[in-house]
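The values are calculated or read from the model by the stated rules, or taken from the named source; none is laboratory data. Bear in mind the structure is a predicted one, so any value in this text is a computation, not a measurement. Counting neighbours? That spans all protein chains shown, and the Cβs are built from the backbone with ideal geometry, glycine included.
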């Protein structure tokens, strides 16, 4: 891969993470347990979709084949997507949505904090802007993990089950491959493996306050960097891309 | 021969463009106009988005373009720049006053401390500082929901970023 191709790949990973999680959160619209959470989840989703627009637009420019943000969002099939497997997992109950969000918010905060000083000015600008939003996302999901964990017996159990179910998707966030290494070498990207201790410290602190146990599961899955996804991504895309497939280049 | 409006005149024209979600605020009050400048005869209005996903951003761009055309300016670009990132510290004193009169508590300055949590928010109705957060997310991305413990009124708070 050329440097340009690697930067494209790197931007896709960032942009796809935000878009797929944003799409998942949008599914809560009209379905959240309380009105305040309906607003919160969709607002957070909107922030994420906004981030992905900036990242995918830039990715399209770097690629130089005339693909814009919409082309990349609506005309790629599953194997061309680079979002983390964690983020495409179904919403489940509210606890599961919060567990997924909490794991990612803590990760994304650390990742974007580091990206804010990227040598690539465009990446640094997007990261610095998004970081302010992520600060609120992280506060929101941390609050809920604590509230549910340290709540009733039932909410505690549901929160613990959710953490356990998603724990196997955590290691993938910290994987480094040749593209990540090259981006770190160029001063553009982040060494995500080095973020693990800080992530563990933040997560452990919240879990302790929430009286929850750090999950102890032996399995883990990975594959998104090579376009290997769970079956769930196909369903997300079927819904998200429907309009553009049925009515190509539709505008309103 | 068309006479070009000078930069100050353009600034006045842009004060007529309101935020579609909070119509008491102009785009100038919001602090989203970065620069107004001419490159030769072509006007450039450089703006910044507030939140990444704010749906008002595109409406504002269109509204700026419409307002410029209404004032006879046809040769212009509206350019978006994201860096340095917009902060609520850029909302003008006038803008803060208008927000409060409208019933939205303006952001407690400074954004740096507030982002870490724990700001004291003043009720826009009775001015009590005994208020509590109902939800960190409100009717738009930029607002949180609060309630006053004294007058019991619920209200929106314009979050610090």
Kindly indicate whether any position in segment A:30-37 is in a helix (DSSP H, G or I), buried (at least 21 other Cβ atoms within 10 Å of the Cβ) and more than 8 Å from every other protein chain (Cβ to nearest Cβ). no
Can you find, within segment A:7-29, the residue that is nearest to residue B:48 (Cα to Cα) among those that are in contact with a helix residue (DSSP H, G or I) (Cβ under 6 Å, 6 or more places away or on another chain) and surrounded by fewer than 21 Cβ atoms within 10 Å (Cβ to Cβ)? A:26
On the given criteria, is residue A:130 within 10 Å of chain B (Cβ to nearest Cβ), in a helix (DSSP H, G or I) and at pLDDT 95 or above? yes
For the list (1) in a helix (DSSP H, G or I); (2) away from chain B (no Cβ under 14 Å); (3) surrounded by fewer than 23 Cβ atoms within 10 Å (Cβ to Cβ), I need the number of the one condition that residue A:91 fails. (1)
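Being within 14 Å of chain A (Cβ to nearest Cβ), buried (at least 19 other Cβ atoms within 10 Å of the Cβ) and in contact with a helix residue (DSSP H, G or I) (Cβ under 6 Å, 6 or more places away or on another chain), is that true of even one residue in segment B:24-34? Before the answer, list the steps.
Of all residues in segment B:24-34, those within 14 Å of chain A (Cβ to nearest Cβ) come to B:32, B:34.
Checking the rest, the ones that are also buried (at least 19 other Cβ atoms within 10 Å of the Cβ) come to B:32.
Okay, now just the ones that are also in contact with a helix residue (DSSP H, G or I) (Cβ under 6 Å, 6 or more places away or on another chain), so none.
The answer is no, given that none of the residues of segment B:24-34 is within 14 Å of chain A (Cβ to nearest Cβ), buried (at least 19 other Cβ atoms within 10 Å of the Cβ) and in contact with a helix residue (DSSP H, G or I) (Cβ under 6 Å, 6 or more places away or on another chain).
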Would you check if there is a residue in segment A:161-168 being crowded, with 17+ Cβ neighbours inside 10 Å and more than 30 Å from residue A:34 (Cα to Cα)? no
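Is it the case, given these coordinates, that residue A:143 is outside any helix (DSSP H, G or I) and either within 14 Å of another protein chain (Cβ to nearest Cβ) or at pLDDT 95 or above (or both)? Steps first, please.
Details: outside any helix (DSSP H, G or I): no; either within 14 Å of another protein chain (Cβ to nearest Cβ) or at pLDDT 95 or above (or both): yes.
Spelling it out, it is not the case that residue A:143 is outside any helix (DSSP H, G or I) and either within 14 Å of another protein chain (Cβ to nearest Cβ) or at pLDDT 95 or above (or both).
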State yes or no: is residue B:138 crowded, with 21+ Cβ neighbours inside 10 Å, within 23 Å of residue A:140 (Cβ to Cβ), under 18 Å from the mean Cα position of the chain (by Cα) and assigned by TED's automatic domain parsing to the domain that holds residue B:39? no
Turns out the strands (runs of 3 or more DSSP E) fully within segment B:62-161 with at least 2 residues that are more than 23 Å from residue A:132 (Cβ to Cβ) and either in contact (Cβ under 8 Å) with a residue 12 or more places away in the chain or within 14 Å of another protein chain (Cβ to nearest Cβ) (or both) are B:76-80, B:143-148
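Considering segment B:1-42 alone, what residues qualify as being in a strand (DSSP E or B), under 21 Å from the mean Cα position of the chain (by Cα) and farther than 18 Å from residue B:70 by Cβ? Full working, then the answer.
In the first step, residues of segment B:1-42 are kept if they are in a strand (DSSP E or B); the result is B:18, B:26, B:33-39, B:42.
Right, trim to under 21 Å from the mean Cα position of the chain (by Cα) and you get B:18, B:26, B:33-37.
Hits for segment B:1-42 are B:34, B:35, B:37.
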